[in-house]
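The values are calculated or read from the model by the stated rules, or taken from the named source; none is laboratory data. Note that the coordinates shown come from a computational prediction; the quantities given were computed from them, not determined experimentally. Methodologically, a virtual Cβ is constructed for each residue, glycine included, from the backbone with ideal geometry; neighbour enumeration extends over all protein chains shown.
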């Protein structure tokens, strides 16, 4: 066996998370999108091209004047992009069957179980969602808070060594079931009670999986309610556990406003030290959560709601809770004026006036009556723009597919708001970089291989939108007003949004992470190449391809031959090369044998292993 790596394996078969189908004849396609301007998700310059789709995959990108499609879409004066990927989703099960609020934003894939929440049974969650039908694709994380609550409970206590092992086992099981990574909400109880050391001991079990740790950063009285300290903790946990830290729904809160540069510098420095650090951000200056979550001190929530209510009934403890709740509101939200109750459409200041009590007492009384949600102001525009512009920050929405109403405009407006407000109007981002932050970057951040780029061999998740009109219309007073400008959305090759209206087609899939789908920095815009030669018995493979800086396609050779059964695989249509340290991938299309129908081909180089996949055909050539 000759080779340029120490050991190489060729595998032609089904790779988890990578989509492949046999295709119709080359000049007849399921869908042809004509005359649009392609922004491919890589960050490269836009270009004019047609896009052909067959069998759920991108078949061709280029001049397709001679081709025919069962569905023909005129994209003149429109942008054609990969489907947007929301890596911070609070979707509901009912919402995922229709997803109108997300499809009208251009979102085709959502990462569930944000902020450490969600079920422990990832395999069951995915199977149930598939059985009900999905309007868009879903992927999952495994929630640290859910694992902690299941093993340790709601009390503020240290876990035993045996409990730590149980939590590590649960994380491992979830990753083996297809979860893409780990999410945490260390600002939320009971995850709040885990120390930094506890978290590291538990999550570093995922080190070998080359995945991510995304966290709603912990903001504590001990840190002076410092959101910057909370984000630094997330970075430190990632660095020490060998995971990629993701600062989720990134924001600089309250009294630290104006200091985005400080935490962005820490992210850059961590990356330079070898801990690639990413973020996601949504385009609003107020968040949504429960009234209790970030205002009532942790010690008062120890043991759950009933224990908290008993403390409210103790006059001395109540007075302390009131004082500390007011301190939290002042530091995080600028005081009671920064807190809004959407269920009753009241500012907290109005509730205080009606009750005739201070802010902290009003909060306690409201919580004695129930568990209302709040909209809380936290930041300033300059920080938001700086975070949006950071090269490793993806656009997400801290929202998700919902079937009924929503009380925050992010559920209907986030992605069009970035494109309309921050790209077209303010020019804070270019079109190419904004689309990269919604497609190729989040795909790389969570480990997707076959989505996020518009290129042959990639899954056909596609958005067509009007750059002249795309904008959000949802507001805090009218949070469910749909956005405009997204005209067509295609999920796995099927039209799910047509002329801005959902079609009702359930084309989504439950995606599962495979072993060769690492979280990684996004491929830089420079020259990329793959080169391998393998010979064993009557089989040989040659991979010799290059993609020039800024080039939309690849040139070179992908060939696998095996004399015993006539295999003469050749990639004839190339997509993109993605690279990361000790890892690379290439998609495209070709045939396994002369005269066979076209299939998607995926080449993956992972360490000392080379994988080539072509449709359902499987060939293995390996040396122990």
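Numbers for the structure displayed
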{"item": "Out of 472, 466, 461, sole residue that is in contact with a helix residue (DSSP H, G or I) (Cβ under 6 Å, 6 or more places away or on another chain) and modelled with pLDDT of 95 or more", "result": "472"}
{"item": "Residue 570 being under 20 Å from residue 534 (Cβ atoms), surrounded by fewer than 24 Cβ atoms within 10 Å (Cβ to Cβ), in contact with a strand residue (DSSP E or B) (Cβ under 8 Å, 6 or more places away or on another chain) and in contact (Cβ under 8 Å) with a residue 12 or more places away in the chain", "result": "yes"}
{"item": "Any hit, the range 342-351, residues being in contact with a strand residue (DSSP E or B) (Cβ under 9 Å, 6 or more places away or on another chain), assigned to a loop (DSSP other than H, G, I, E, B), under 20 Å from residue 323 (Cα atoms) and not assigned by TED's automatic domain parsing to the domain that holds residue 436", "result": "no"}
{"item": "Residue in the range 421-429 that is in the same structural domain as residue 214 (by TED's automatic domain parsing), more than 30 Å from residue 126 (Cβ to Cβ), over 22 Å from the mean Cα position of the chain (by Cα) and not in a loop (DSSP other than H, G, I, E, B) present", "result": "yes"}
{"item": "Filtered residues of the range 241-259 (kept if under 21 Å from residue 382 (Cβ atoms) and touching a residue at least 60 places away in the same chain (Cβ under 8 Å))", "result": "248, 249, 250, 251, 252, 253, 254, 255, 257, 258, 259"}
{"item": "Which listed residue, of 452, 508, 504, is crowded, with 23+ Cβ neighbours inside 10 Å, on the phi > 0 side of the Ramachandran plot and in a loop (DSSP other than H, G, I, E, B)", "result": "452"}
{"item": "Residue list for the range 360-384, restricted to those being crowded, with 17+ Cβ neighbours inside 10 Å, within 37 Å of the chain's Cα centre (by Cα) and over 21 Å from residue 407 (Cβ atoms)", "result": "360, 364, 383"}
{"item": "Given (1) assigned by TED's automatic domain parsing to the domain that holds residue 129; (2) touching a residue at least 60 places away in the same chain (Cβ under 8 Å); (3) not in a strand (DSSP E or B), number of the condition residue 394 does not satisfy", "result": "(3)"}
{"item": "Residue in the range 558-568 that is part of a strand (DSSP E or B) and under 30 Å from residue 436 (Cα atoms) present", "result": "yes"}
{"item": "Residue match in the range 541-553 (condition: assigned to a loop (DSSP other than H, G, I, E, B), outside the structural domain of residue 279 (by TED's automatic domain parsing) and crowded, with 20+ Cβ neighbours inside 10 Å)", "result": "yes"}
{"item": "Residue 538 being surrounded by fewer than 19 Cβ atoms within 10 Å (Cβ to Cβ) and either closer than 23 Å to residue 439 by Cα or at pLDDT 85 or above (or both)", "result": "no"}
